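The values are calculated or read from the model by the stated rules, or taken from the named source; none is laboratory data. Not measured: the values here are computed from a predicted model. Methodologically, a virtual Cβ is constructed for each residue, glycine included, from the backbone with ideal geometry; neighbour enumeration extends over all protein chains shown.
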Amino acid sequence: MSTSPHAVEARELTKTYPGDVTALAGLSLTVRPGTVFGLLGPNGAGKSTTVKILTTLARPDSGTATVAGHDVLRHPDRVRRAIGVVAQRSGADPVATGRENLLLQGRLYGLRGAGLTSRVDDLLARFALADAAGRPAKSYSGGMQRRLDVALGLVHRPEVLFLDEPTTGLDPEARTAMWQEIGRLAGAEGLTVVLTTHYLEEADHLADRIAIVDRGRVVATGDPDRLKAELRGDAVQVELRETLGEVDARLLATAVGEFAGVREVTLEGRLLSARADDGGAAVPAVLAVLQREGARVATVTVARPSLDDVYLRHAGRRFADADAAPALAGGAR
Ligand code: ADP
């Protein structure tokens, strides 16, 4: 029985690996039952370590966590019965058929007889694998293998399903299909889905709530749309035809910033960026200033704030830069 109102609750988790690598530096989060929760962060942020602790595969140095109401340190066996885990690497036996894989998984969890067969048939149908059920898993496409992996994680009707980077390696079509499957999962059978991803778009698309993880901590959490709305204002970007000298660039940025409703103006190379309360209304005014100052314009774009902007605001750098940067020893900086 669950005693916590949360499907997952983590409090101040810390974890340091040998070599003084701080993987978690006080990570806290809560996940509401029946929702999709996305742990979003660049490579090395601490997502997998968090999932390892929540799925009882690793112990934190300090901090506490409950999953489906069970304490991960005091009752790891209860946690394990209440969760499904879909790792990045497939857990399916490549030689066995899709159906055999599911039957075997069910037996491992103590399911037998007609209950097991109907559960397996149901999952094969739900994941569009019924026609391929009699073929060995190794003959499946990448998307089919991923769907089988998710089905394997669900055989024993877990309360919480953990998906580690569910669409890494899938082509765009299979990724979209997987997003649809995951979207349908939450709420069905009271299931809560916790997924990790380093795709901004995936978190934005899939998750009811996200936690942006950076350097072992949650730096922002909430509904993706609400996080974006908090940034107030559109991003206006003007690409100039030529790079200006430093002085001209500064004068130009100052001139643009003098408009009411336009702020955070920067000019780097040929790219002028600003934030505006109403991007569409700001563009004519910005273009007029540029024309007056003799700066020639190549392109203009106006965009609603993205999760990348949210990440920049809270982590202080662009997501792509952080994702490309190698993780440094020495812990949270
Ligand atoms: P993510 O899943 O967000 O990519 P991880 O939780 O895998 O991040 O890693 C967080 C940090 O801990 C990284 O700096 C990573 O290199 C380090 N790390 C993860 N696992 C180990 C390990 N077994 N031994 C040493 N360092 C590790």
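Confirm whether residue 84 is modelled with pLDDT of 95 or more, surrounded by 19 or more Cβ atoms within 10 Å (Cβ to Cβ) and more than 22 Å from the chain's Cα centre (by Cα). Taking the combined requirement at face value, the residue does not satisfy it. Listed by first and then second residue, the pairs linking a residue in the stretch 40-52 that is in the same structural domain as residue 17 (by TED's automatic domain parsing) and under 12 Å from residue 22 (Cα atoms) to a residue that is more than 6 Å from the ligand (Cβ to nearest atom) and outside any strand (DSSP E or B), with Cβ atoms under 7 Å apart and 6 or more places separating them unless they lie on different chains, are 45/215; 46/216; 49/58. Being more than 16 Å from the ligand (Cβ to nearest atom) and either modelled with pLDDT of 95 or more or among the aromatic types (Phe, Trp, Tyr) (or both) is a property that does not hold for residue 59.
Okay, residues lined up against (1) of a type in the set (Asp, Glu); (2) exposed (fewer than 15 other Cβ atoms within 10 Å of the Cβ); (3) within 12 Å of residue 156 (Cβ to Cβ):
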| site | (1), (2), (3) |
| --- | --- |
| 97 | no, no, no |
| 100 | yes, no, no |
| 103 | no, no, no |
| 119 | no, no, yes |
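Considering 288, 253, 276, the condition of being modelled with pLDDT of 90 or more and more than 28 Å from the chain's Cα centre (by Cα) is satisfied by 288 alone.
Would you mind listing the strands (runs of 3 or more DSSP E) fully within the stretch 204-275 where at least 2 residues are assigned by TED's automatic domain parsing to the domain that holds residue 293 and of a type outside the set (Gly, Ala, Ser)?
234-240, 262-268
Criterion first (more than 23 Å from residue 5 (Cβ to Cβ), surrounded by 24 or more Cβ atoms within 10 Å (Cβ to Cβ) and within 12 Å of the chain's Cα centre (by Cα)) does residue 211 satisfy it? Spell out how you get there, then give the answer.
On the way: more than 23 Å from residue 5 (Cβ to Cβ): no; surrounded by 24 or more Cβ atoms within 10 Å (Cβ to Cβ): yes; within 12 Å of the chain's Cα centre (by Cα): yes.
Here the answer is no, as residue 211 does not meet what is asked.
For residues that are touching a residue at least 60 places away in the same chain (Cβ under 8 Å) and assigned to a helix (DSSP H, G or I), scanning just the stretch 159-184, find the one that is nearest to the ligand (Cβ to nearest atom). Let's see the steps before the verdict.
Taking the stretch 159-184 as the starting set, the residues that turn out to be touching a residue at least 60 places away in the same chain (Cβ under 8 Å) are 159-166, 168, 182-183.
Remaining after also requiring assigned to a helix (DSSP H, G or I): 182-183.
Values: 182: 19, 183: 23 Å.
The extreme case among them is 182.
Consider the stretch 4-15 and keep the residues that are outside any loop (DSSP other than H, G, I, E, B) and buried (at least 16 other Cβ atoms within 10 Å of the Cβ). The one that is farthest from the ligand (Cβ to nearest atom) is 9.
When residue 196 is tested against (1) modelled with pLDDT of 90 or more; (2) polar (S, T, N, Q); (3) assigned to a helix (DSSP H, G or I), exactly one condition is not met: (3).
Of the residues in the stretch 128-141, at least one is touching a residue at least 24 places away in the same chain (Cβ under 8 Å) and within 24 Å of the chain's Cα centre (by Cα).
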